[in-house]
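The structure appears below as C-alpha coordinates.
The values are calculated or read from the model by the stated rules, or taken from the named source; none is laboratory data. For clarity, every value in this text was computed on a predicted model and none was experimentally measured. Cβ placement follows ideal geometry from the backbone for every residue including glycine, while neighbour counts extend to all protein chains displayed. Heavy atoms of the whole protein, side chains included, go into the accessibility calculation; ligands, DNA and RNA do not. Shrake-Rupley method; radii C 1.70, N 1.55, O 1.52, S 1.80 Å.
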Amino acid sequence: MFATSQKAIPKAEGTASTMRALVFRGPNQIGLEQVSIPRPGPGEAVIRVTLTTICGTDVHILKGEYPVKSGLVIGHEPVGVIHELGVGVTGYAVGDRVLVGAITPCGQCNYCLSGDWAQCGGPIGGWKFGNAINGAQAEYLLVPSAQANLAKIPDDLTDEQVVLLADIASTGISAAESGEVKLGDTVAVFAQGPIGLCATAGAKLRGAGFIIAVESDPVRAAMAKRMGADVVIDHTKTDAVAEVRKMTDGKGVDVAIEALGTQATFESALRVLRAGGTLSSLGVYSGKLSVPLEPFAAGLGDHKIVTTLCPGGKERMRRLMELVRHGRLDLRPLLTHTFSLDRIVEAYDLFAGRKEGVIKVAIHP
Ligand SMILES: [Zn+2]
Ligand SMILES: [Zn+2]
(Lines give C-alpha, C1' and ligand atoms only; values in the text may rest on other atoms or scores of the structure.)
(Ligands and ions follow the chains in the order given, each with its own letter.)
Protein backbone atom coordinates (compact mmCIF):
# COMPACT_ATOMS: atom_id res chain seq x y z
CA MET A 1 0.00 0.00 0.00
CA PHE A 2 1.04 3.56 -0.51
CA ALA A 3 1.12 6.46 1.88
CA THR A 4 -1.77 8.80 1.31
CA SER A 5 -3.16 11.98 2.63
CA GLN A 6 -6.35 11.28 4.59
CA LYS A 7 -7.82 14.75 4.80
CA ALA A 8 -10.88 15.43 2.67
CA ILE A 9 -10.06 17.75 -0.20
CA PRO A 10 -12.82 19.79 -1.80
CA LYS A 11 -13.40 19.78 -5.54
CA ALA A 12 -12.33 22.91 -7.44
CA GLU A 13 -15.41 24.85 -8.48
CA GLY A 14 -16.30 28.13 -10.15
CA THR A 15 -13.61 30.67 -9.53
CA ALA A 16 -11.55 28.43 -7.24
CA SER A 17 -7.80 28.89 -7.65
CA THR A 18 -6.78 25.50 -6.30
CA MET A 19 -7.43 21.94 -7.39
CA ARG A 20 -6.84 18.35 -6.33
CA ALA A 21 -3.82 16.63 -7.86
CA LEU A 22 -1.86 13.44 -7.24
CA VAL A 23 1.57 14.52 -6.04
CA PHE A 24 4.73 12.37 -5.93
CA ARG A 25 6.67 12.95 -2.70
CA GLY A 26 9.30 10.20 -3.01
CA PRO A 27 9.36 6.42 -3.52
CA ASN A 28 6.06 4.84 -2.40
CA GLN A 29 4.75 8.24 -1.31
CA ILE A 30 1.90 9.65 -3.32
CA GLY A 31 -1.26 11.39 -2.24
CA LEU A 32 -3.88 13.87 -3.31
CA GLU A 33 -2.92 17.43 -2.48
CA GLN A 34 -4.47 20.83 -2.98
CA VAL A 35 -2.33 22.73 -5.49
CA SER A 36 -2.75 25.87 -7.61
CA ILE A 37 -4.68 25.62 -10.85
CA PRO A 38 -2.11 26.37 -13.57
CA ARG A 39 -2.43 29.47 -15.77
CA PRO A 40 -1.36 29.36 -19.41
CA GLY A 41 1.54 31.39 -20.73
CA PRO A 42 1.95 32.30 -24.41
CA GLY A 43 1.37 29.26 -26.64
CA GLU A 44 0.05 27.20 -23.74
CA ALA A 45 -3.41 26.01 -22.73
CA VAL A 46 -5.03 24.74 -19.56
CA ILE A 47 -7.54 21.95 -19.81
CA ARG A 48 -10.00 20.68 -17.22
CA VAL A 49 -9.27 16.96 -17.16
CA THR A 50 -12.42 14.86 -17.63
CA LEU A 51 -10.79 11.43 -17.84
CA THR A 52 -7.32 10.03 -17.30
CA THR A 53 -5.68 6.73 -16.41
CA ILE A 54 -2.60 5.19 -14.78
CA CYS A 55 0.34 3.91 -16.84
CA GLY A 56 2.88 1.23 -15.98
CA THR A 57 5.45 4.02 -16.16
CA ASP A 58 3.66 5.84 -13.31
CA VAL A 59 4.09 2.69 -11.22
CA HIS A 60 7.83 2.72 -12.00
CA ILE A 61 7.92 6.35 -10.85
CA LEU A 62 6.00 5.50 -7.68
CA LYS A 63 8.40 2.67 -6.84
CA GLY A 64 11.37 5.00 -7.34
CA GLU A 65 12.57 3.08 -10.42
CA TYR A 66 12.28 6.10 -12.68
CA PRO A 67 13.35 9.32 -10.93
CA VAL A 68 11.20 12.44 -11.00
CA LYS A 69 11.38 15.38 -8.64
CA SER A 70 9.44 15.43 -5.39
CA GLY A 71 6.35 17.61 -5.60
CA LEU A 72 5.57 16.69 -9.21
CA VAL A 73 2.01 15.91 -10.27
CA ILE A 74 2.24 12.63 -12.20
CA GLY A 75 0.25 11.03 -15.02
CA HIS A 76 0.44 11.57 -18.77
CA GLU A 77 -2.83 10.43 -20.38
CA PRO A 78 -5.31 13.33 -20.50
CA VAL A 79 -8.74 13.84 -22.01
CA GLY A 80 -10.36 17.17 -21.15
CA VAL A 81 -12.09 20.39 -22.01
CA ILE A 82 -10.22 23.61 -22.79
CA HIS A 83 -10.45 25.82 -19.69
CA GLU A 84 -8.14 28.68 -20.66
CA LEU A 85 -6.02 29.52 -23.69
CA GLY A 86 -2.73 31.40 -23.65
CA VAL A 87 -2.02 34.12 -26.17
CA GLY A 88 -1.08 32.92 -29.64
CA VAL A 89 -3.08 29.68 -29.59
CA THR A 90 -5.50 29.92 -32.50
CA GLY A 91 -8.29 27.76 -33.89
CA TYR A 92 -9.50 26.62 -30.47
CA ALA A 93 -12.12 27.86 -28.03
CA VAL A 94 -12.74 27.46 -24.33
CA GLY A 95 -15.05 24.46 -23.95
CA ASP A 96 -13.59 22.43 -26.85
CA ARG A 97 -13.16 18.75 -25.95
CA VAL A 98 -9.58 17.67 -26.56
CA LEU A 99 -7.32 14.65 -26.38
CA VAL A 100 -3.66 15.35 -25.65
CA GLY A 101 -0.94 12.78 -26.29
CA ALA A 102 1.37 11.58 -23.52
CA ILE A 103 4.21 12.99 -25.60
CA THR A 104 3.91 16.70 -26.33
CA PRO A 105 6.39 17.74 -29.04
CA CYS A 106 7.00 21.46 -29.58
CA GLY A 107 6.78 21.10 -33.35
CA GLN A 108 9.50 23.73 -33.77
CA CYS A 109 12.90 22.27 -32.82
CA ASN A 110 15.36 20.46 -35.07
CA TYR A 111 14.25 17.08 -33.72
CA CYS A 112 10.58 17.78 -34.37
CA LEU A 113 11.27 19.21 -37.79
CA SER A 114 13.32 16.10 -38.61
CA GLY A 115 10.27 14.00 -37.76
CA ASP A 116 11.62 12.72 -34.44
CA TRP A 117 8.74 14.18 -32.44
CA ALA A 118 9.13 12.02 -29.36
CA GLN A 119 12.77 13.09 -29.07
CA CYS A 120 11.75 16.79 -29.10
CA GLY A 121 14.65 18.91 -27.83
CA GLY A 122 16.87 15.89 -27.10
CA PRO A 123 16.76 12.32 -25.74
CA ILE A 124 13.20 11.36 -24.64
CA GLY A 125 12.50 15.13 -24.58
CA GLY A 126 8.97 14.84 -25.94
CA TRP A 127 7.82 13.20 -22.71
CA LYS A 128 7.02 16.17 -20.50
CA PHE A 129 3.77 15.42 -18.56
CA GLY A 130 4.44 13.83 -15.19
CA ASN A 131 8.15 13.74 -15.99
CA ALA A 132 9.54 17.22 -16.66
CA ILE A 133 6.34 19.18 -15.90
CA ASN A 134 3.15 18.57 -13.91
CA GLY A 135 0.99 15.74 -15.21
CA ALA A 136 -2.58 14.70 -15.84
CA GLN A 137 -3.74 13.00 -12.62
CA ALA A 138 -5.33 16.25 -11.52
CA GLU A 139 -8.40 18.38 -12.12
CA TYR A 140 -6.53 20.76 -14.44
CA LEU A 141 -3.49 20.39 -16.66
CA LEU A 142 -1.17 22.89 -18.35
CA VAL A 143 -0.53 21.82 -21.96
CA PRO A 144 2.73 23.14 -23.44
CA SER A 145 3.02 23.88 -27.17
CA ALA A 146 -0.77 23.78 -27.28
CA GLN A 147 -1.03 24.51 -30.99
CA ALA A 148 0.84 21.27 -31.75
CA ASN A 149 -0.84 19.15 -29.11
CA LEU A 150 -4.57 19.84 -28.67
CA ALA A 151 -6.49 17.29 -30.75
CA LYS A 152 -10.20 18.10 -30.93
CA ILE A 153 -12.38 15.09 -30.16
CA PRO A 154 -15.16 14.44 -32.71
CA ASP A 155 -18.61 14.78 -31.09
CA ASP A 156 -19.46 11.16 -31.79
CA LEU A 157 -16.62 9.83 -29.63
CA THR A 158 -16.77 9.47 -25.83
CA ASP A 159 -13.89 10.14 -23.44
CA GLU A 160 -13.68 6.38 -22.75
CA GLN A 161 -13.22 5.66 -26.45
CA VAL A 162 -10.19 7.94 -26.77
CA VAL A 163 -8.36 8.05 -23.43
CA LEU A 164 -6.12 5.06 -24.19
CA LEU A 165 -4.98 6.62 -27.45
CA ALA A 166 -2.86 9.18 -25.55
CA ASP A 167 -0.23 6.63 -24.67
CA ILE A 168 -0.67 2.87 -24.80
CA ALA A 169 -2.43 2.68 -28.18
CA SER A 170 -0.09 5.18 -29.80
CA THR A 171 2.88 3.28 -28.37
CA GLY A 172 1.63 -0.25 -28.98
CA ILE A 173 0.48 0.38 -32.52
CA SER A 174 3.76 2.16 -33.29
CA ALA A 175 5.62 -1.13 -32.75
CA ALA A 176 3.85 -2.58 -35.78
CA GLU A 177 4.47 0.62 -37.76
CA SER A 178 8.18 0.89 -36.86
CA GLY A 179 8.55 -2.84 -37.51
CA GLU A 180 6.99 -2.20 -40.94
CA VAL A 181 4.55 -5.09 -40.66
CA LYS A 182 3.46 -5.97 -44.19
CA LEU A 183 0.28 -7.61 -45.51
CA GLY A 184 0.36 -11.29 -44.70
CA ASP A 185 3.32 -11.08 -42.30
CA THR A 186 3.63 -13.39 -39.35
CA VAL A 187 4.08 -11.40 -36.17
CA ALA A 188 4.90 -12.54 -32.63
CA VAL A 189 4.14 -10.21 -29.72
CA PHE A 190 5.89 -10.93 -26.43
CA ALA A 191 3.80 -9.93 -23.37
CA GLN A 192 0.17 -8.85 -23.44
CA GLY A 193 0.06 -6.07 -20.88
CA PRO A 194 -1.76 -2.90 -21.97
CA ILE A 195 0.99 -1.95 -24.45
CA GLY A 196 1.44 -5.48 -25.80
CA LEU A 197 -2.31 -5.78 -26.34
CA CYS A 198 -2.21 -2.58 -28.38
CA ALA A 199 0.80 -3.93 -30.31
CA THR A 200 -1.33 -6.96 -31.17
CA ALA A 201 -4.11 -4.64 -32.34
CA GLY A 202 -1.47 -2.71 -34.34
CA ALA A 203 -0.24 -5.87 -36.08
CA LYS A 204 -3.82 -6.62 -37.09
CA LEU A 205 -4.38 -3.04 -38.30
CA ARG A 206 -1.23 -3.29 -40.43
CA GLY A 207 -2.59 -6.42 -42.11
CA ALA A 208 -0.54 -9.19 -40.51
CA GLY A 209 -1.59 -12.63 -41.75
CA PHE A 210 -0.88 -14.53 -38.55
CA ILE A 211 -0.41 -13.09 -35.06
CA ILE A 212 1.10 -15.09 -32.22
CA ALA A 213 0.87 -13.59 -28.72
CA VAL A 214 2.96 -14.82 -25.80
CA GLU A 215 1.33 -14.39 -22.38
CA SER A 216 0.62 -16.55 -19.32
CA ASP A 217 -2.05 -14.49 -17.56
CA PRO A 218 -5.44 -15.96 -18.59
CA VAL A 219 -7.30 -12.60 -18.53
CA ARG A 220 -4.67 -11.00 -20.75
CA ALA A 221 -4.49 -14.07 -23.01
CA ALA A 222 -8.25 -13.86 -23.60
CA MET A 223 -7.96 -10.12 -24.29
CA ALA A 224 -5.12 -10.80 -26.76
CA LYS A 225 -7.53 -12.87 -28.86
CA ARG A 226 -10.03 -10.02 -28.73
CA MET A 227 -7.36 -7.60 -29.94
CA GLY A 228 -6.44 -9.78 -32.91
CA ALA A 229 -4.12 -12.62 -31.81
CA ASP A 230 -4.73 -15.90 -33.64
CA VAL A 231 -3.00 -17.98 -30.97
CA VAL A 232 -1.67 -17.27 -27.50
CA ILE A 233 1.28 -19.24 -26.17
CA ASP A 234 1.67 -19.63 -22.41
CA HIS A 235 5.44 -19.45 -21.96
CA THR A 236 5.17 -20.87 -18.41
CA LYS A 237 3.75 -24.13 -19.79
CA THR A 238 5.76 -24.54 -22.98
CA ASP A 239 8.95 -23.29 -24.63
CA ALA A 240 7.58 -20.24 -26.45
CA VAL A 241 10.54 -19.95 -28.83
CA ALA A 242 10.29 -23.60 -29.91
CA GLU A 243 6.52 -23.27 -30.25
CA VAL A 244 6.75 -20.16 -32.47
CA ARG A 245 9.42 -21.85 -34.60
CA LYS A 246 7.16 -24.89 -34.99
CA MET A 247 4.20 -22.71 -36.01
CA THR A 248 6.32 -21.06 -38.71
CA ASP A 249 7.74 -24.30 -40.15
CA GLY A 250 11.09 -23.54 -38.57
CA LYS A 251 11.54 -20.23 -40.43
CA GLY A 252 10.63 -17.78 -37.70
CA VAL A 253 8.46 -14.68 -37.82
CA ASP A 254 8.78 -11.60 -40.03
CA VAL A 255 8.38 -9.21 -37.10
CA ALA A 256 8.79 -9.89 -33.38
CA ILE A 257 7.50 -7.25 -30.98
CA GLU A 258 8.96 -7.01 -27.48
CA ALA A 259 6.51 -5.35 -25.07
CA LEU A 260 7.91 -6.02 -21.60
CA GLY A 261 11.49 -4.78 -21.32
CA THR A 262 13.43 -7.78 -20.01
CA GLN A 263 16.53 -9.59 -21.25
CA ALA A 264 14.51 -12.82 -21.51
CA THR A 265 11.75 -11.41 -23.73
CA PHE A 266 14.23 -9.45 -25.85
CA GLU A 267 16.22 -12.62 -26.40
CA SER A 268 13.13 -14.68 -27.16
CA ALA A 269 12.01 -12.07 -29.68
CA LEU A 270 15.39 -12.35 -31.41
CA ARG A 271 15.29 -16.16 -31.32
CA VAL A 272 11.94 -16.35 -33.13
CA LEU A 273 12.96 -13.92 -35.87
CA ARG A 274 13.50 -15.09 -39.44
CA ALA A 275 16.71 -14.12 -41.23
CA GLY A 276 16.23 -10.50 -42.31
CA GLY A 277 13.35 -10.03 -39.89
CA THR A 278 12.68 -7.08 -37.62
CA LEU A 279 12.70 -6.96 -33.83
CA SER A 280 10.48 -4.04 -32.84
CA SER A 281 11.17 -3.20 -29.22
CA LEU A 282 8.83 -1.25 -26.95
CA GLY A 283 10.14 -2.35 -23.57
CA VAL A 284 11.90 -0.05 -21.15
CA TYR A 285 15.02 -1.90 -20.06
CA SER A 286 17.05 -1.45 -16.93
CA GLY A 287 20.57 -2.55 -16.03
CA LYS A 288 22.15 -4.04 -19.12
CA LEU A 289 20.80 -5.56 -22.32
CA SER A 290 22.92 -8.01 -24.30
CA VAL A 291 22.50 -9.61 -27.70
CA PRO A 292 23.06 -13.39 -27.95
CA LEU A 293 25.18 -14.01 -31.03
CA GLU A 294 23.72 -17.29 -32.29
CA PRO A 295 20.19 -16.02 -33.13
CA PHE A 296 21.80 -12.76 -34.31
CA ALA A 297 23.80 -14.87 -36.80
CA ALA A 298 26.95 -13.34 -35.33
CA GLY A 299 25.86 -10.03 -36.85
CA LEU A 300 25.33 -11.35 -40.40
CA GLY A 301 21.59 -12.13 -40.32
CA ASP A 302 20.33 -8.84 -41.75
CA HIS A 303 18.15 -8.45 -38.67
CA LYS A 304 16.78 -5.04 -37.86
CA ILE A 305 16.26 -3.88 -34.31
CA VAL A 306 14.06 -0.79 -33.97
CA THR A 307 12.72 1.06 -30.93
CA THR A 308 9.90 3.57 -30.57
CA LEU A 309 8.87 6.02 -27.88
CA CYS A 310 5.14 6.82 -27.92
CA PRO A 311 4.36 9.04 -30.94
CA GLY A 312 2.55 12.20 -29.83
CA GLY A 313 1.21 15.46 -31.23
CA LYS A 314 -2.29 16.38 -32.39
CA GLU A 315 -2.03 14.82 -35.86
CA ARG A 316 -1.08 11.46 -34.37
CA MET A 317 -4.06 11.70 -32.00
CA ARG A 318 -6.38 12.70 -34.87
CA ARG A 319 -5.32 9.68 -36.91
CA LEU A 320 -5.80 7.29 -34.00
CA MET A 321 -9.25 8.77 -33.30
CA GLU A 322 -10.17 8.09 -36.95
CA LEU A 323 -9.47 4.40 -36.37
CA VAL A 324 -11.80 4.39 -33.37
CA ARG A 325 -14.46 6.48 -35.03
CA HIS A 326 -14.82 4.14 -37.99
CA GLY A 327 -14.87 0.96 -35.94
CA ARG A 328 -11.37 -0.31 -36.68
CA LEU A 329 -10.16 -0.05 -33.10
CA ASP A 330 -12.08 -0.37 -29.84
CA LEU A 331 -10.03 -0.19 -26.66
CA ARG A 332 -12.91 0.16 -24.20
CA PRO A 333 -12.62 -3.50 -23.12
CA LEU A 334 -9.18 -2.64 -21.70
CA LEU A 335 -10.75 -0.16 -19.24
CA THR A 336 -11.59 -2.81 -16.68
CA HIS A 337 -12.05 -0.58 -13.60
CA THR A 338 -13.33 2.93 -12.87
CA PHE A 339 -12.37 5.24 -9.99
CA SER A 340 -12.95 8.84 -9.01
CA LEU A 341 -9.82 10.97 -8.55
CA ASP A 342 -10.50 10.86 -4.79
CA ARG A 343 -9.81 7.13 -4.85
CA ILE A 344 -6.76 7.23 -7.12
CA VAL A 345 -4.37 5.84 -4.48
CA GLU A 346 -6.64 2.79 -4.27
CA ALA A 347 -6.56 2.60 -8.07
CA TYR A 348 -2.74 2.60 -7.98
CA ASP A 349 -2.77 -0.26 -5.50
CA LEU A 350 -5.08 -2.31 -7.72
CA PHE A 351 -3.22 -1.48 -10.94
CA ALA A 352 0.32 -1.95 -9.57
CA GLY A 353 -0.69 -5.21 -7.89
CA ARG A 354 -2.48 -6.43 -11.04
CA LYS A 355 -5.44 -7.34 -8.84
CA GLU A 356 -8.96 -8.36 -9.97
CA GLY A 357 -7.88 -8.93 -13.57
CA VAL A 358 -7.18 -5.23 -14.05
CA ILE A 359 -5.81 -4.07 -17.39
CA LYS A 360 -6.37 -0.27 -17.29
CA VAL A 361 -8.25 1.94 -14.86
CA ALA A 362 -10.42 4.92 -15.82
CA ILE A 363 -9.92 7.87 -13.43
CA HIS A 364 -12.61 10.58 -13.30
CA PRO A 365 -11.40 13.90 -11.78
ZN1 LIG B 1 2.76 5.79 -20.21
ZN1 LIG C 1 10.51 19.89 -30.59
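For Lys355, which lysines qualify as cross-link partners when the Cα separation must be under 30 Å and same-chain residues fewer than eight apart are set aside?
By straight Cα distance, Lys355 reaches Lys7, Lys11, Lys63, Lys69, Lys128, Lys204, Lys225, Lys237, Lys288.
Which angle between 0 and 90 degrees, to the nearest 10, do you get for helix 218-227 versus the longest principal axis of the chain when only C-alpha atoms count?
Here the helix axis deviates by roughly 90 degrees.
Of the residues Asp349, Asp167, Asp155, which exhibits the maximal mean-square fluctuation in a Gaussian network model of the chain defined by a 10 Å Cα contact cut-off?
Top of the fluctuation ranking is Asp155.
What fraction of the Cα pairs in the stretch 1-150, stated in percent, has a spacing above 24 angstrom?
Cα-Cα pairs of the stretch 1-150 separated by over 24 Å account for 32 percent.
Tell me the angle of helix 194-205 to the major Cα principal axis of the chain, expressed in degrees between 0 and 90 and rounded to the nearest ten.
On a 0 to 90 degree scale, this one is about 60.
For a quick check, take a GNM of the chain with Cα springs below 10 Å and name the residue from Leu205, Leu293, Leu279 with the largest mean-square fluctuation.
Fluctuation is largest for Leu293.
Largest first, how would Trp117, Trp127 line up by accessible area (1.4 Å probe)?
Ranked from most to least accessible, the order is Trp117, Trp127.
How much net charge surrounds Ile30 when only other residues with a Cβ under 12 Å from its Cβ are counted (Lys, Arg +1; Asp, Glu -1)?
In short, -2.
Starting from the Cα gyration tensor of the stretch 192-254, take the square roots of the eigenvalues, sort them a ≥ b ≥ c, and report rounded, prolate or oblate (rounded when a/c is under 1.5, otherwise prolate if a/b is larger than b/c, else oblate).
oblate
So how far apart, in nm, are the two label points at Lys63 and Arg25 if each is 7 Å from Cα heading toward Cβ?
Using points 7 Å along Cα→Cβ, the separation is 2.2 nm.
Taking DSSP loops as anything outside H, G, I, E and B, show the longest stretch in the chain free of GluC sites (Glu not before Pro) there with at most 15 other beta carbons within 10 Å.
Result for the longest clean stretch: 181-365.
Keeping all protein chains in the complex and leaving out DNA, RNA and ligands, what accessible area do you get for Arg343 with a 1.4 Å probe, in Å² to the nearest 10?
100
Let me test this: with uniform point scatterers at the alpha carbons of the chain, what is the Debye-based log₁₀ I(q)/I(0) at q = 0.08, 0.14 1/Å?
-0.39, -1.15
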